[in-house]
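Notes follow the structure.
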Amino acid sequence: MNPGRVHKVLGTETEFGITIRNQPDFNPVLASSRVVNAYAGTSSRIEWSFEDEAPGRDARGFGYEPSAAADFDTGLANTVLTNGARFYVDHAHPEYSSPECYDPLEAALYDKAGELVLARAARAVQAALPDGERLLIHKNNSDGKGNSYGAHENVLVSRRVPFGDLVAHLLGFLATRQVFTGSGKVGAENGRPRVPFQISQRADFFEEEVGLETTLKRPIVNTRDEPHADPGSYRRLHVIIGDATRSEVQTFVKLGSLAMFLAALEDGALGDPVLLADPVESVWRISHDPSLRHAVPLDGGGTITALDLQWRYLEAVAAHAEAEGADDIHRRVLDDWESILTDLEADPLSTADRLDWTAKLRLLEGYRDRDGLGWKDPKLRLLDLQYHDVEPARGLYDRLAAAGTMRRVFTDDEIERAADEPPERTRAYFRGRCIARFPGDVVAANWDSMIFDVGEDSLKRVPMMEPLRGGKDRVGDLIAAAGTAADLVKALGGD
Amino acid sequence: MAEQQRKQRKQRSDKRADEAVEDEPTGSTGEITEKIDDLLDEIDSVLEENAEEFVKNYVQKGGQ
């Protein structure tokens, strides 16, 4: 491996839509808190520690913007799970941040596990609601009325790559990948031209090329520079433009293509960037054309379709991966990425067994044909929303999957296990196992440390600055052998 | 060169698609379409009631 490249540790964070039907005084912040607290059980007493967090740090080197601090220290329900994830309330939504994962397949699995966490939590709250009130949670990104909430991807990248190089390649890549990362949406929002249906939930909400914001004037490339790891070696690329995805194949390819693209970029294997003349306008114009024929203007003249730019990136990434000797998981990313582009080119609906936007579009067209519905019929908006309901008995994605029309990557058992147990090859293992084994002794945790109360005068803090340390190979035996948290801290030589 | 690479990739992709047929949850596109028609009836039974009211009241606070 090129010394300039770092292992692509990655994870996702998802804000879920929440509502309680027939509850007159519904308050989303309160409801989200109930969801988080209902789930966590014994670990609900373990707090998230904000020590070391600095979401206002800017990758372009501008230092701090104090305004950004307001969005994290809310004092709301905020906990950490036995699978190493963080589960909390953010901006009036329940949010699940997956544990750090070793590869894209694992990251897709823990993203799916998040859906199960929310479904379990919703059932626990539902059991205590008065008759007639019904709690619904959606893994989507928009209410159809101009309000959007995020599904972010995080990937560890080398600090050696100049941020400007990342931006130059990312703008075109992120603007065009929505043809296989979109979840589909009825209508347009945020002042964009009306369309009956578009590819992406999020595209209408991107208004800048590069910036620090995440809640307004959202940028295609977000500059938050908060690696939760050694800042001398790493950046954490915080990708905010993606849709929340329910298809397992789609989530795997979304994460895998991004990780492999970044590895190729770190090795200088992508060649000169393909610069779009207007990346912001290209994002929504591409999303607004489910036929995938729209070509967007290039900087310096000419045009390119989203599919053609993705083919170029796939070719460069595949050549790089072959030269470097990719493992089976990364070969599978390339195969799936390629077959999806091939099928999208032939007939977008032929990907309806793998992509959320085409699966949803096929369903909508099915209803339109059967019931003669116009695009403005509220039933179509309902279908759009309910596709994302995380309760498998109701969620239309789940109904399609149960009927065998969506390709699966994982078994239900694998997802159940991932909701409870941490990944084994990152520091999430240490975090998750400590919470499972010593829930009464962990006072607080965050991405890069754990704080224990072992009955002495001072609390014991165990730093975890390296995402790849703290896996089962290093600490599995220590945790298994420790009878108490005090034994463990002592064995680790913590202060 | 790029065109040739793409052709090779498409050939591999086609070959893989042929090989993968048995693993796929459903056989042909036609079968999938038929299944979708059957599914609509099942989905009718789980759809939220009062679509218009539900959609109207579904308002989220903005997030990240």
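The values are calculated or read from the model by the stated rules, or taken from the named source; none is laboratory data. Owing to the predicted nature of the structure, the values given are computational and were not obtained by experimental measurement. Neighbour counts are summed over all protein chains in view; Cβ atoms, including those assigned to glycine, are modelled from backbone coordinates with ideal geometry. These accessible areas exclude ligands, DNA and RNA; they are computed on the full protein's heavy atoms, side chains included. Shrake-Rupley method; radii C 1.70, N 1.55, O 1.52, S 1.80 Å.
Structure summary
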| read-out | value |
| --- | --- |
| Verdict on residue A:323 being without any contact (Cβ under 8 Å) to a residue 60 or more places away in the chain, over 18 Å from residue A:397 (Cβ atoms) and within 12 Å of another protein chain (Cβ to nearest Cβ) | no |
| Among the residues listed as A:481, A:436, the single one being open to solvent by 10 Å² or more (accessible area, probe 1.4 Å) and over 27 Å from the mean Cα position of the chain (by Cα) | A:481 |
| In region A:326-338, the residues that are within 12 Å of chain B (Cβ to nearest Cβ) and open to solvent by 50 Å² or more (accessible area, probe 1.4 Å) | A:331, A:332 |
| Matching residues in region A:208-224 - criterion: being open to solvent by 10 Å² or more (accessible area, probe 1.4 Å) and either in contact with a helix residue (DSSP H, G or I) (Cβ under 6 Å, 6 or more places away or on another chain) or more than 14 Å from chain B (Cβ to nearest Cβ) (or both) | A:208, A:209, A:210, A:218 |
| Of all residues in region A:239-255 being touching a helix residue (DSSP H, G or I) at 6+ places or on another chain (Cβ under 7 Å) and among the aliphatic types (A, V, I, L, M), the one that is nearest to residue A:199 (Cα to Cα) | A:241 |
| Selection count where residues are buried (at least 17 other Cβ atoms within 10 Å of the Cβ) and in contact (Cβ under 8 Å) with a residue 60 or more places away in the chain, scope region A:444-470 | 9 |
| Qualifying positions in region B:47-64 - surrounded by fewer than 19 Cβ atoms within 10 Å (Cβ to Cβ) and not in a loop (DSSP other than H, G, I, E, B) | B:51, B:52, B:53, B:56, B:57 |
| Given (1) assigned to a loop (DSSP other than H, G, I, E, B); (2) open to solvent by 10 Å² or more (accessible area, probe 1.4 Å); (3) of a type outside the set (A, V, I, L, M, F, W, C), index of the condition residue A:236 fails | (1) |
| Unmet requirement for residue A:349, which otherwise passes all of (1) closer than 18 Å to residue A:249 by Cα; (2) open to solvent by less than 50 Å² (accessible area, probe 1.4 Å); (3) part of a helix (DSSP H, G or I) | (2) |
| Region A:162-188, residues that are open to solvent by 10 Å² or more (accessible area, probe 1.4 Å) and part of a loop (DSSP other than H, G, I, E, B) | A:162, A:188 |
| Residue within region A:249-269 that is modelled with pLDDT of 95 or more, in a strand (DSSP E or B) and over 30 Å from residue A:400 (Cβ atoms) present | no |
